[in-house]
Amino acid sequence: MAETVRASLATAGITHQRVVFPEGLALDCGAVLKPLVVAYRTYGRLNDAKSNAILICHALTGDQYVAETHPVTSKPGWWEIMVGPGLPVDTERFFVICANVLGGCMGSSGPREEMTDAEGRPQGRPWGMQFPPVTIRDMVRAQAKLLDHLGVPKLFSVLGGSMGGMQVLEWAALYPERVFSAIPIATATHHSAQNIAFHEIGRQAINADPDFHGGEYWRHGVVPARGLAVARMTAHITYLSEEALTRKFGRRLRTGPMLTFSNDLFEVESYLQYQGSSFVQRFDANSYLTITRAMDYFDLAAEHGGSVAAAFRNTPVRFCVISFSSDWLFPTAMSREIVRALNAAAANVSFVEITSDKGHDAFLLDEPDLFRTVSGFLAGAAERWR
Amino acid sequence: MPEGLAPAPRTGRPLSDRLDLRLIAEMVEPRARVLDIGCGDGALLDILVHEKDVDGRGIEIDMALVTAAVAHGLPVIHADADTDLAFYPDAAFDYVILSRTLQATERPREVLAQMLRIGRRAIVSFPNFGHWQVRARLLLTGRMPRTKALDRAWYDTPNIHLCTISDFFALCEADGYRVERWLGVDEAGRKTPWRRNRRLANLFAEQGLFLLTRG
């Protein structure tokens, strides 16, 4: 189990590349976040025609460090297998952008950043639980401001998995004229009751940690590391399939071949504990609460009079929907719903279910069919760009 | 084309040389909206998209073929013709194509009706069970006929709703579809010379190829 971590997280002292919008952003909840700060990374070069920009949307616990060593964890970028020179999202051809989501904790406006008042004046304390609730649509609006700043009128493509896929769908629904093609991966138009239920366990674990202090843990110089680690451990199980867990760990013990009911530890336990404790080094508990809520709120149909098809009526966007056969968090049935709604809207859509036993996490892993699909789709789209 | 983006080149040859696909492609107006049902690896779509500049889509039930088609840059979805056509709006396409797939559907009559609901025209090709070799084999051997077009044993064939060219004319009449054009085709996809005569075509054509509209 994760030890209590002092508030001096490894993230302190790291400067993220950011852009500040003093006018702020009007949120779905009615509040105006002022100023709006968006932390981001770009790779490759925007061409003169400004026609080669690709936006990558990260998942719940991802961030903008897609294709480079992470400044906090020193680990490889989270999608280095997909994004880079000669890879499906080829940084020698495309100008690739990724922003830390609104509400995140890698430099964008979020609970860990300094609180501001309605006039944008700093309040000398972090937002914490006072950070306004945000939606997936708010995240997308913040990204749109970043694109304006970068001088990108229209995206050649936008792609992402899981919560990143929700943003992809929202991009296509909200700014169809700014998106030429969209690749929502392992995602859905809404969070199911089961998805919400798993998130609620994580939130309750954070709330129950005595170090949480009602979200004002910074006042006490601690972080709710145990609660956040449990949240991560629960979530991590939902990202894997039973097959993947069995293949990786089976019933193996760390201590030896015999079960003795004392301090035995199954390998899967120690793996989860490692996942939990390393997570709290880089992630903020209030951000976790904010972003999981944004995912739970997401309901594309509700935003469009109860119909997903209405969200995409006459859409010019070309879609490539991708799911994984062993993903039980965002199962193929959810992707098929997206596809049916797109068909009902007579949209141009490709749909592939990739056979994999790696569960939801497959979109981050070495899946050759995923790479073939993405690069083929992008190549086909490039032929048709107008 | 985005500057700096190499186009997805269809380098050299199209995916397929099949003549029957060429015959179908000849029936399609340039720049039309087309849905190809049972599109396989996208061989026909590849011709239509690259040579006729159509806005083409495909559906295919075999996931490996879907992946191949999408990886080739073609807009294809994994779906089942028997159940998923219902999700398309009326008149969404200029042409809906069903090439050598009708006989493998669960409910061919319903599939045809859906095709002519979502498309203004339907193009259908199927193996002709009235071909003389089929008739001769059943007559002479008393066994289920196996030909080049129908080369699987009765117990493992996907072809569960076989028909003759005459049967198909009868269904079109019963359901009120107008046959705009039709062709008898041999297995290689060449037009057969007796294509103007229904009875001869029903005996000598290995495939029937039809262009239908709602009556």
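Could you tell me whether A:Leu169 is touching a residue at least 24 places away in the same chain (Cβ under 8 Å) and in a strand (DSSP E or B)? Explain how you work it out, then say what you get.
Details: touching a residue at least 24 places away in the same chain (Cβ under 8 Å): yes; in a strand (DSSP E or B): no.
No.
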**OP:** Could you tell me whether region A:224-241 includes any residue that is touching a Lys or Arg at 6+ places or on another chain (Cβ under 7 Å), part of a helix (DSSP H, G or I) and surrounded by fewer than 22 Cβ atoms within 10 Å (Cβ to Cβ)?
**Re:** no
Original post:
B:Val111 is checked against (1) more than 17 Å from the chain's Cα centre (by Cα); (2) in contact (Cβ under 8 Å) with a residue 12 or more places away in the chain and fails just one. What number does that condition carry?
Top reply: (1)
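Each row is one residue, and each column tells you yes or no for (1) part of a strand (DSSP E or B); (2) surrounded by 23 or more Cβ atoms within 10 Å (Cβ to Cβ); (3) in contact with a helix residue (DSSP H, G or I) (Cβ under 8 Å, 6 or more places away or on another chain).
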site	(1), (2), (3)
A:Gln143	no, yes, yes
A:Gly160	yes, yes, yes
A:Ala182	yes, yes, yes
A:His213	no, no, yes
**OP:** Sort out which residues of region B:44-55 are within 25 Å of B:Thr83 (Cβ to Cβ) and either within 9 Å of chain A (Cβ to nearest Cβ) or touching a Cys at 6+ places or on another chain (Cβ under 6 Å) (or both), and write them in order of number.
**Re:** B:Leu45, B:Asp55
Original post:
Just wondering, is there one or more residues in region A:186-194 that are modelled with pLDDT of 95 or more, in a helix (DSSP H, G or I) and surrounded by fewer than 24 Cβ atoms within 10 Å (Cβ to Cβ)?
Top reply: yes
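Quick check: anything in region A:69-76 within 14 Å of another protein chain (Cβ to nearest Cβ), over 27 Å from A:Glu23 (Cα atoms), among the small types (Gly, Ala, Ser) and in a loop (DSSP other than H, G, I, E, B)?
Filtering region A:69-76 for residues within 14 Å of another protein chain (Cβ to nearest Cβ) gives none.
No, every residue in region A:69-76 fails to be within 14 Å of another protein chain (Cβ to nearest Cβ), over 27 Å from A:Glu23 (Cα atoms), among the small types (Gly, Ala, Ser) and in a loop (DSSP other than H, G, I, E, B).
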Original post:
Restricting the search to region B:158-189, which residues are closer than 17 Å to B:Leu19 by Cβ, out of contact with any helix residue (DSSP H, G or I) (no Cβ under 6 Å at 6 or more places or on another chain) and not in a strand (DSSP E or B)?
Top reply: B:Asp186, B:Glu187
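Does A:Met129 fit the bill of being hydrophobic (A, V, I, L, M, F, W, C), in contact with a strand residue (DSSP E or B) (Cβ under 9 Å, 6 or more places away or on another chain) and part of a helix (DSSP H, G or I)? Reasoning before the result, please.
Numbers: hydrophobic (A, V, I, L, M, F, W, C): yes; in contact with a strand residue (DSSP E or B) (Cβ under 9 Å, 6 or more places away or on another chain): no; part of a helix (DSSP H, G or I): yes.
So A:Met129 does not fit the description; no.
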Original post:
Pick from region A:345-375 the residues that are in contact with a Pro (Cβ under 6 Å, 6 or more places away or on another chain) and aliphatic (A, V, I, L, M): which of them is modelled with the highest pLDDT?
Top reply: A:Val374
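Residues that are touching a Leu at 6+ places or on another chain (Cβ under 6 Å) and in contact (Cβ under 8 Å) with a residue 24 or more places away in the chain: does region A:74-87 have at least one? If you could, list the steps in order and put the result at the bottom.
Of the residues in region A:74-87, the ones touching a Leu at 6+ places or on another chain (Cβ under 6 Å) are none.
Scanning region A:74-87, I find no residue that is touching a Leu at 6+ places or on another chain (Cβ under 6 Å) and in contact (Cβ under 8 Å) with a residue 24 or more places away in the chain, so the answer is no.
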Original post:
Can you name the residue in region B:58-87 that is part of a helix (DSSP H, G or I) and charged (D, E, K, R) and is also farthest from the other protein chains (Cβ to nearest Cβ) among such residues?
Top reply: B:Asp82
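The values are calculated or read from the model by the stated rules, or taken from the named source; none is laboratory data. What you see is a predicted model; the values in this text were computed from it and never measured. All Cβ positions, even for glycine, are placed from backbone atoms using ideal geometry, and neighbour counts span all protein chains on display.
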